[in-house]
Structure formats: C-alpha cells, structure tokens
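Heads up, the thing below is written out as structure tokens.
The numbers here are math on the coordinates, done by the rules we state, and not lab data. Nothing here was measured: the structure is a model prediction, and the numbers come from that model. Heads up, the Cβs are rebuilt from the backbone with ideal geometry, glycines too, and the neighbour counts pull from every protein chain shown.
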C-alpha cells in the first residue's frame, strides 16, 4: 500500500482513515478515475468543477443572483430536464416500436398488454412532451417580462424562439406515431394546413406526407423527423443557447440599464491558467501549498478590479439546486404518468373522421382561429406573423432599459397578445365539443392528453 | 442535530436514494426489453411411420429443425443446434457422422460427443410411439449425453467433411 | 427548522450552507416520491395489463366478428360453421392445429390454387394487418366451444 503522507491531508483532517472504503478511495485506480476526494473547502469545491468534464457546462463560480429561485423559476433548466426525460423514454420506445402502418398500432397495444412498464414509459413520454411545450412557452414569457432579450442577448432570444418551434415540431411529428384515429386525423388536418402556404404550399405538403394521403410514407417520414432530425437540431441549438446564457452572464441585473457583468462569471482578471493546469495535473504533488488563483481571496490578485465578490461556487450550490429541480420535475412527471394514462383510440381509419377531431391543446387556439377565418389568414398569416414578430422582437424593441416601469408599451402589447393566445387556447381546449360547437366544460370533457 | 451531522445524514440519504433510483431505472429497462413470453411452446409433431426410419439412417425434419435418427434400431430426435454455440450441425455423408462446421465438433449418429469443443452430445427431443406413428414432443429439449458416452460409437465410414480425423 | 435560530443574511456563507441543506432535504423528498411512484405503478401493473388485454380481446373479437361476417362468411359459412365452398374453420381440427402466425400468413397471403385470395393490404388485399389480427382473435374466441368436424377441409360443395 502506498504510504499516506499526513501533510497532504486537507485542512481540518487530522488522522488517516484505515477503513476499507477509505483505502479503496486512496488506491491508484480510484484516484485515476476520481482525481481527488470530495472536500468541503473552497479549494475542494473548485476542484470538483475543474476535474469533471460534465461540470464544464457551468463556470466554476456564478453570480449569487443566479441562485435566486424566484428570478428564473428555473424554467429553462426544467425544459432541458424534460428534454432529457423525453430522450431516455424515447429511446426505450424505439426498442419496441416499428414505424409501419401494419404494426405501429399493434406495438402500441403491446405496450399496454405485454411490455413491462411499457404503458408507464409511454405515459412519461407523453406527459413530458406536454409539459415541455408548456414550460418552454412559460420560459419565453418569463424572459420577455425580465427584458432578457435585450442587448447583448438578442440572438439568444431568436434561438430560443426557434427552440420553441422545434419543440412544437416534436409534438406534431410524435402525434402521428401511435397510428390511432387521434393521430391520423390531427396530422391529416395539420398537413392540409401546410397546403395553404403561399407559392410552395402544395410541394411542401407533398414533401411532408410523401403521397396522396397520410399513409406509410408519412409515418416513416414523421418517425425519421421525430427520432433523428429534430433531436439533432434541438441538441445543436440548445448547445448554443446554453453556451450563450453562460457567456452573457446568466441572469439580467434588473436594476441596471442594459449592462451585464461578464467579468463576474468568467475568470477574474489576472488569474493565470497555468496554475489551474498545474494543480489539475498533479494535485497531490502540490498538496495544499499551491492554491488555485481563482479561489484565492480577491485582495491577493487585484483589489481594484473586483470591488465586490458577488459570486458563489457552482459546486455545490447551483449544482445541488439543479439536481433537486430535476428530481422534482421527474417526480411530477412520474406522478402524472402513474395517475393518468396516455390515450389510445381505435386504429387509424382513413374512411371515418372521429367526432370531435380536436388538436392537442397547444394547437387548440389555432384550431379555434381556423373555425372563424379563412385558412390562409388563420392558419398561415396570423401564426406565421406572430412567429415572425417573436423572432424579430429584440430588433423591433430597441429600448435598452430592462426595468418594467420604463418599457410599459412593450409589456402592454405583449400582455395583450399573450392574453389573446391564452383565451383562444382555453376556448379551443375546454369549450368546444363535436362539430366544434360551443359546450360548457363541466357538462362533458372532450380533452384528451 | 448540529450542522455537520445534518449534512452527513443528507449526504448518506442522497447516496442511498440515488442507488435505489438507479436500481429502479435498471429494473425498468430490464422489464421493458425482456422478450414477451410467447404462448407457442412446442407442438407435438408426427414425423412418420416407424418403418420409414431404416436402421442407421437419419432423416431431417425441417418442421422441428431436427434429425430423426435410427441408430442401431434406437430412435432419437436430435436438435440441429450444436450444444457448443448454436450452429446448425449438418450430417456428413462420407463419414456418417454429424460434423459442426463452425468449430469442428463431431458427433456420432446418435448425437454422442466424439471430439471438438462441445460440452456434451447433441440435445434430444422426446420421442414416443403412438401405435405405428413416431411422435416428437418439441416442447421439451433434453440436454445431450455427457462427453464420455460411447454407446453407439462406430468407426467412421470415410473421410470427414470438415477435414478432421 | 427551529425558528429561534438567527437568520443569516442572504447569500452569505452561513445562509448558503443552510439553504444547501434545505435543498438536499427536498432532494430526498423527491427521491422518495419517485420511488413511491415507481412502486405504485409496479404494484398496479399486472392488473392494468390484465384489464388492457381483456379490453383488447373484447374489442378485437367484436370488430373481427364484423369483418368475418362481411368478408369471410360467404365461403366459410356463417359464424365460420362451414357449409360454403371453403373449409370449416370453427372446428377443433383446424383451431387446435393452427397457430396464430399460421392463420395470419394464410389470411394475408391467401392459398394458391383455391378461391382463398390474399387479404392483407401488403399483398394486394383489402385488410390491414391489424384487421387480420382482429379476425384471428375472433376465430380464437370460438375455440373453447368448437365442435369436432373431421371433414373440415372439404368444402360443402366438393362433397357430392
């Protein structure tokens, strides 16, 4: 056994532990995998970030205001967690699902009757998908009210809107895969809507469904989009999104006018990277003697550069919060999945449109519009215009101030549009029955999640 | 409870909870991917009259993926599957033995082990006589005779098909 | 958390450590909830599956009955009892010796040299694979009460 030099012990430890786990943790194989013990000292907490590739998503230190739950409600992070849950359950489903008209519906039945935890996995997938649409939308609303789309975050807002569109694309393509009546007719209506796009509508529709009507080709196309194209796009955009959040200094400082503190989140001025790599390469060699400059009290670097240290260590403060929020999200999703099963209607029948043929709730507002106006207006121009305005919002609203009292017009307009969207969605979801007739939701519910 | 012991308790709880959650996830994965229990066991197959299996011959029955052999007037139903690693063991006309092309296991006409890496002789299905009919129950596969069994061993008729003695 | 303790100022290190403990405790709560949900589902699952299987068999039998009456009864007889130009399917001889997969293949691909056409859409027929399976479920539902018909293969018309 390697002799342990007591001088190399962390401050606060006085004796060498001779227990079995302690011995394993001191062994070469263990230390080659986990470069150092988990230590509750500033240096130990910084080392956690330095020596773990997965923690490099985070900076070593973050501004204290990021810890404030009330600021962001962690909506963006929750959306990412839901995406992770969807990825895992989606892979499970890929093992038991064949995208073929002949067997897709049978595979869905098998999930219910044969595959262990099959129905649960499908329920979790379904509920995570619903919640992801909701949470991404709430995230957008939250970011708007915080004014977090203003300089320098304009482009990240644009990426965020694209992420919302990709999320909706996921829902739409995933909707067809069970190949039941609900799926078949929702997608038939949706793809016929594409037909109304000016100039290229017909060709776009052909590309999407790959035949005269929704059939085997459509199923295969939607499957490929759902399990390959969209996940790749989303992962790519999400990477840029998260990276920019970090580079732009996380949360906006609400009281400031268009400023952001990049310096606070990145390496303090004067910190030499060489010291970090030295300590990384052979922490035991330098023991406690070489301190990481990033951890050293600010006075020892330069007092003038950083008058107030408003940062805390990511490990453990932000990380534990994130893990707890992820666990909470998973618990909510699992609870919903255990209590409410994803619906499966009869096998898709091209000759029989069910009553009522309702879109999923996040498209119910659109369906409500479609029942009132021409498809070109309600299905293409209005939603297309809304998306365009959202995409260009940071370039339209040039006011750099993030304080609510200084951007009353923007907030009023956005709130109005938001209210219209919510009202349309609520009417479409709860107040419409067969034949799109107005019904009171307490008489009979036609919603299916 | 002071701060340190509270933190230690929480840390222990997280380790236990994390381990249990990983266990639950693993169990879920196992249950989900476990093949569905198929109701179709093996059927009883009537392979023919006793008279159609002459002494020291073999007949391949594709319905049961097996050979019906008559070795010294004893009837056996041998699974075509090599007990070594599952290759289809063909019958070698020139040597009069079953010779596995994959790794060179050789069995005599009754499926007893002669040479090669196989752990035992060829596996057998149960054969019964219903009157004059030979009936094989393909639902029960019995492990073949141990390596030492040499009850039906006869010298090879000729050269081996896979180039072994 | 005892109230008499002084509250440290926010975001200072005492506050951070204490709030960390609070979050760790919430993490434990969520873990317990997750495990509880997992166990709850595991306990309910056999019942759920049984119900789903029963519901599926009932609905498939009902649909299969309709399909059989519309597409098969002409030749195989009403309720598969024979009497037409095709074999009597409601017989122990047929049902005991034919697996679901075999019936699926026969119905899907047809029997060449007879009046039995290919029914599956994949082979130019009119039924989807799922509908063929529904017909099979219907035929299986006859099995417990199927009569013995030794001449099940002969059609009523073939025998003079």
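Okay, here's what the table says:
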| read-out | value |
| --- | --- |
| Computed E for residue B:46/residue A:98 - FRET, C-beta separation, R0 56 angstrom, nearest 0.05 | 0.95 |
| Efficiency of FRET from Cβ geometry, residue A:224 and residue C:36, R₀ 35 Å, rounded to 0.05 | 0.40 |
| Peptide C:130-141, shielding by other chains (average Cβ, 10 Å cutoff) | 2 |
| Alpha-carbon centroid distance for the pair the stretch C:77-131 / the stretch A:320-361, whole angstrom | 38 Å |
| Residue exposure sequence - A:97, C:123 - by fewest surrounding Cβ within 10 Å | C:123, A:97 |
| Full-extension gain in nm, residue A:26 to residue A:404, via 0.36 nm per residue minus C-alpha separation | 130.6 nm |
| Beta bridges by DSSP in the protein assembly as shown, antiparallel share as percent, to the nearest 5 | 95 percent |
| Shielding score for C:93-99, defined as the mean number of other chain Cβ atoms within 10 Å | 1 |
| Chain C: relative contact order in percent, alpha carbon pairs under 8 Å with at least 6 residues between | 23 percent |
| Sum of -39500 (n - 2.57) over DSSP H runs of 4+, divided by residues of chain B (222 nm, nearest 500) | -7000 deg cm²/dmol |
| Calculated diffusion of the stretch B:112-154, Stokes-Einstein form, Kirkwood radius summed over Cα pairs, 20 °C and 1.002 mPa s, µm²/s | 181 µm²/s |
| Distance between the stretch B:116-131 and the stretch A:398-449 - C-alpha centres, whole angstrom | 73 Å |
| Virtual paramagnetic centre 7 Å along Cα→Cβ of residue C:62, amide N under 12 Å, in the stretch A:323-359 | A:346 |
| For the protein assembly as shown, the spread of Cα positions along each principal axis, largest first, Å | 107, 81, 52 |
| Rounded to 10°, Cα long-axis angle of helix C:129-142 versus longest principal axis of chain C | 70 degrees |
| With Cα atoms, 0 to 90° folded angle of helix B:3-33 axis to chain B main axis | 30 degrees |
| Rough spin-label spacing in nm, given labels placed 7 Å along Cα→Cβ, for residue A:413 and residue A:41 | 5.7 nm |
| Reference-scaled alpha-carbon Rg (2.2 N^0.38 Å with N residues) for the stretch C:112-155 | 1.44 |
| Sites residue A:352 and residue B:57 - FRET efficiency at Förster radius 51 Å, r taken between beta-carbons, to 0.05 | 0.25 |
| √(5λ) per eigenvalue of the Cα gyration tensor, the stretch A:42-147, largest first, Å | 37, 20, 10 |
| Packing-based order for A:353-364, A:420-431, using average beta carbon neighbours within 10 Å, highest first | A:353-364, A:420-431 |
| Burial order of peptide ranges A:122-132, A:229-239, B:67-77 (average beta-carbon count within 10 Å, highest first) | A:122-132, B:67-77, A:229-239 |
| Average beta-carbon neighbours from other chains, 10 Å sphere, peptide C:49-55 | 4 |
| Degrees, to the nearest 10: C:13-67 long Cα axis against longest axis of chain C | 10 degrees |
| Distance in nm between pseudo-label sites at residue C:105 and residue A:192 (7 Å out along the Cβ direction from Cα) | 4.2 nm |
| Among C:94, C:104, C:30, residue whose mean-square fluctuation peaks in a GNM of chain C (springs only between Cα atoms under 10 Å) | C:30 |
| Equivalent-ellipsoid semi-axes of the stretch B:44-142, from the Cα gyration tensor, Å, largest first | 23, 14, 10 |
| Listed residues B:20, B:129, B:85, most fluctuating in chain B (Gaussian network, C-alpha, under 10 Å) | B:20 |
| Amide N of the stretch A:33-77 lying under 14 Å from the label point, which is placed 7 angstrom from the Cα of residue C:22 along Cα→Cβ | A:67-71 |
| Candidates C:25, C:62, C:36: whichever shows maximal mean-square fluctuation once chain C is modelled as a Gaussian network with Cα springs under 10 Å | C:25 |
| Separation of the residue A:33 and residue B:141 label points, Cα + 7 Å toward Cβ, nm | 3.7 nm |
| Length-normalised contact order of chain B in % [C-alpha pairs under 8 Å, at least 6 apart] | 20 percent |
| Zone residues, the stretch A:194-238, relative to residue A:376, backbone N less than 11 Å from point 7 Å out along Cα-to-Cβ | A:196-199 |
| Sorted peptide list for C:52-59, A:319-326, criterion being average Cβ within 10 angstrom, highest first | A:319-326, C:52-59 |
| Kirkwood Rh (inverse of mean 1/r, distinct Cα pairs), the stretch C:13-145, angstrom | 18.4 Å |
